[in-house]
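Each remark here refers to the structure printed beneath this line.
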Amino acid sequence: MAGRRAAGSGAGRAKRDAAKATLDRDSEVNMEVFNLAAEVTECPDDKIPILLLKLKEILKRPPLGSKELKKLKEDIYDYDLIQYCVVMLTQDYHHIPGNWFTAMQLAQILSTACVGLDPKNDAEEFYKKVLPSAADNLMLLARRLQARFLKADEEDDKQDFLRYFHNVTDSLCWLLSGHIQLTQHVFQSDHLLQLLLTDDVETATIMVSVLLSFLQLNRTVLLYVKEKSIRLILDEIIYKLFENTNPVIGSTSIKVMLLIVESHPPTLQMLYKSYKGLSRLLSKQWTGRGFGKDLSQLLELLDVGSVQGVKEQRFHHAACLIQAVWRAYQTRKRMKKLPKVVTHLQRSFRAKREQEIQRLEKEREEEELKHQVQLCRHRALRNFRQRQLSLLEIVPASEVAQYLQQEKEQAALLIQKVWRGYRQRSCFRQQKQPLKEFKAAVIVQRAVLKFLERRRNLRRDLHVWQGPKGLTESRRQELRAKVEDYVKRHPVSQVSEERTKEQHAQAQEMLGQYLMRRNLKWKSELRQEALLAQINTDIELLMNAPSLKESTKKDVEVFSCRSAPVAARAKQSHNAMLQFTRGPWWKKMVDEFQDAERVYTDDLDFDLVL
């Protein structure tokens with residue numbers, strides 16, 4: 001202990017000496033951390049835990065999640081105060097002020113200072129040495145508190161130690177929630193197994209809950225834990241399930257087993273092979289205790305033996321459920337139509353009942369007939385034997401053998417006759433299909449032969465077609481002479497390439513001149529149409545104008561401004577166009593080459609009031 005403290009104090013002193021140059025720029029909290037680190041370095045071992053309790057008030061000042069709190073935790077780590085907290089957890093607090101209450105507070109301070117801490121300096125040492133040591137020492141402190149809880153005689157002391165134990169385990173869970181990678185180290189630690197190995201109900205309940213919290217924090221941790229450690233933990237959980245009747249332990253233990261099986265599939269195979277009667281005992285002891293859902297899932301996994309099999313079974317159950325719902329829906333749908341088909345159902349039922357009665361009556365008659373036939377057969381056989389006996393009595397003794405020989409021959413002949421009849425019938429049944437095929441082939445062949453005969457007769461009756469007679473040589477010479485004479489009388493004119501290009505250039509020039517003249521003519525026509533429209537508008541305005549006595553200022557403005565006549569003409573044209581569009585369909589039928597916006601002159605005189 002003294003060596004650890006000396007090494008820590010030496011390293012801390014070196015860091016503090018290097019940080020003295022920047023103390024003027026640090027906050028008040030950093031100065032308090034520095035002074036606390038100086039006091040811890042100089043004071044004896046039994047006073048260090050009391051001094052470290054000051055970190056609790058220091059850590060409460062900055063708001064949660066702030067940069068100040070993060071910087072404060074980095075300074076606490078840089079001044080080796082976290083290392084002191086880790087080392088102090090291993091002391092015996094029997095002679096320290098505050099006793100084990102001080103140890104519990106120190107554990108809370110350690111977990112609070114480590115969560116959210118990501119040191120920039122010595123990060124490798126923090127993650128590989130400080131955090132594992134902190135987890136181990138927290139579990140060691142929990143073991144000591146557990147042992148003192150079991151040894152305590154007074155009830156008050158037991159409750160205090162149980163509360164301290166609960167707080168320390170909560171601090172361990174809080175530490176693992178901030179650094180999930182520690183879960184693998186904790187699972188492989190012997191301290192965790194020692195904490196689980198207890199017969200006390202209260203501490204066992206707390207430890208099983210802690211184990212459930214570990215698995216909920218990191219479900220993939222079991223993939224990196226040794227199989228031996230998992231087996232030991234499972235053995236202890238199964239032992240608690242069958243040695244305790246506490247429903248809290250049962251519920252939490254079943255949840256832990258369910259998480260282990262779902263997160264680590266090889267564990268399911270191990271349970272399936274090593275614990276044959278586990279599912280039966282679980283269902284017998286823990287059924288109906290308030291956690292049937294988790295228990296049923298675990299039992300289903302143990303019965304099937306594989307997670308994939310359980311998924312397939314659930315899919316099958318879901319499919320069955322969907323099918324059942326669908327069938328129920330179809331049934332309800334059919335039941336809604338039931339009143340409409342009651343008469344039909346009754347009629348069908350009565351018909352089926354009559355058929356069933358007839359069938360039963362027929363079966364009864366057949367049974368009665370069989371019984372009568374059997375009785376007649378027995379009676380005939382009995383009479384036959386009686387006749388044989390009477391004949392044997394009549395036949396002399398020397399002829400009995402001959403008589404029996406004749407009876408045997410007749411019986412043999414009868415058997416042979418029945419056998420030949422059976423064999424011939426069997427052969428006929430086997431030859432029935434080939435015989436049917438043979439008859440079908442004969443019918444097909446007969447039809448084909450008839451068809452071929454009719455076609456030959458038809459060809460024989462048709463006359464041979466004779467094509468047109470070909471041209472004679474004299475006729476061919478005559479036609480050739482006429483063609484040559486026509487060619488001589490109508491020779492083809494020959495035009496040179498230069499002449500063709502010249503004609504093309506002339507045609508292009510004439511086309512351009514025509515287009516220019518057409519454009520000028522079109523513009524002049526538009527101008528004439530505009531002037532005519534203006535003149536017509538002025539004439540209409542003058543004709544509709546009031547007298548000089550009745551004229552107003554608005555009328556004067558109509559003749560003094562050129563926009564007013566244009567607006568009046570536009571309104572008139574607009575009204576005419578509306579009238580045209582609202583007219584009957586037969587007035588709208590125009591030529592396909594006529595302008596769709598054209599309005600006839602007789603429509604322009606109609607004024608449409610909107």
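The values are calculated or read from the model by the stated rules, or taken from the named source; none is laboratory data. Not measured: the values here are computed from a predicted model. All Cβ positions, glycine included, derive from the backbone under ideal geometry; neighbour counts span all protein chains shown. Areas reflect the complete protein model, heavy atoms only, side chains present, ligands, DNA and RNA absent. Shrake-Rupley method; radii C 1.70, N 1.55, O 1.52, S 1.80 Å.
In the neighborhood of Asp199, defined by Cβ-to-Cβ distances under 13 Å, what is the net charge if each Lys or Arg adds +1 and each Asp or Glu adds -1? Provide the component values of the computation, followed by the final result.
Values: positive: Lys240; negative: Asp200, Glu202, Glu236, Glu243.
Summing Lys/Arg as +1 and Asp/Glu as -1 gives -3.
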Spelling out what I want: for every residue of region 355-361, take phi, set θ = phi - 60°, compute 6.51 cos²θ - 1.76 cosθ + 1.60 (Karplus), and round to whole Hz; glycine and proline get x.
5, 5, 5, 5, 5, 5, 5
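Given a 1.4 angstrom probe, I'd like the percentage of the accessible area of region 332-440 that is carbon and sulfur, rounded to a whole number. Could the numbers behind the result be given before it?
Working: 6150 of 10560 Å².
The value for region 332-440 is 58 percent carbon and sulfur by accessible area.
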On the accessible surface of region 45-146, probed at 1.4 Å, how many percent belong to carbon and sulfur atoms?
52 percent
Do the alpha carbons of any pairs in Lys60/Lys120; Lys129/Lys228; Lys129/Lys158 sit beyond 26 Å of each other, and which pairs?
Lys129/Lys158
Suppose R0 equals 51 Å; then what is the FRET efficiency for Ser133 and Thr245 from their Cβ-Cβ distance, rounded to the nearest 0.05?
0.85
In sequence order, calculated HN-Hα J values of region 389-400 (Karplus, 6.51, -1.76, 1.60; Hz; x Gly/Pro):
5, 5, 5, 5, 6, 6, 5, x, 5, 6, 9, 5
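Per residue, how large is the accessible surface of region 115-197? Use a 1.4 angstrom probe and give square angstrom. Don't skip to the end; give the middle numbers.
Details: 4030 Å² over 83 residues.
On a per-residue basis, 48 Å².
Count neighbours as other Cβ atoms within 10 Å of each site's Cβ, and list the chymotrypsin sites (Phe, Trp or Tyr not before Pro) in region 186-231 that are DSSP loop with at most 11 such neighbours. Numbers along the way, then the final one.
Numbers: sites: Phe187, Phe214, Tyr224; in loops: Tyr224.
Sparse-neighbourhood loop chymotrypsin sites (Phe, Trp or Tyr not before Pro): none present.
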Sorted largest first, extent of region 114-156 alpha carbons per principal axis (Å):
48, 16, 9
Spatial extent of region 311-371: Rg and Dmax, with the Cα atoms as the point set, Å
21.1, 60
For a protection proxy built on the mean count of beta-carbon atoms within 10 angstrom, sort 126-134, 336-344 highest first, please.
126-134, 336-344
Can you tell me the order of 499-508, 544-553 when each peptide is scored by its average per-residue count of other Cβ atoms within 10 angstrom, highest first?
499-508, 544-553
Taking a probe of 1.4 Å, how large is the accessible area per residue of region 359-438, in Å²?
95 Å²
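Tally Lys and Arg at +1 and Asp and Glu at -1 over the other residues with C-beta under 15 Å from the C-beta of Asn519: what net charge comes out?
Details: positive: Arg517, Arg518, Lys521, Lys523, Arg527; negative: Glu525.
Here the charged neighbours net out to +4.
What does the highest-first list of 95-104, 346-355 look like by mean Cβ count within 10 Å?
On the way: 95-104: 17.1, 346-355: 10.2.
My ranking of the peptides, most packed first, is 95-104, 346-355.
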For region 74-82, Karplus-derived ³J(HN,Hα) couplings (6.51, -1.76, 1.60; θ = phi - 60°; whole Hz; x for glycine and proline) come out as 5, 5, 4, 5, 5, 8, 6, 6, 5
Would you work out if region 153-265 is rounded, prolate or oblate? Take a ≥ b ≥ c from the square roots of the eigenvalues of the alpha-carbon gyration tensor; rounded if a/c is under 1.5, else prolate when a/b is larger than b/c, oblate otherwise.
oblate
Using modelled amide H (1.01 Å from N, peptide plane; none on Pro or chain starts), what sits under 5 Å from the amide H of Gly98, excluding residues fewer than 5 places away?
none
The percentage of Cα-Cα pairs in region 46-108 separated by more than 14 Å is 57 percent
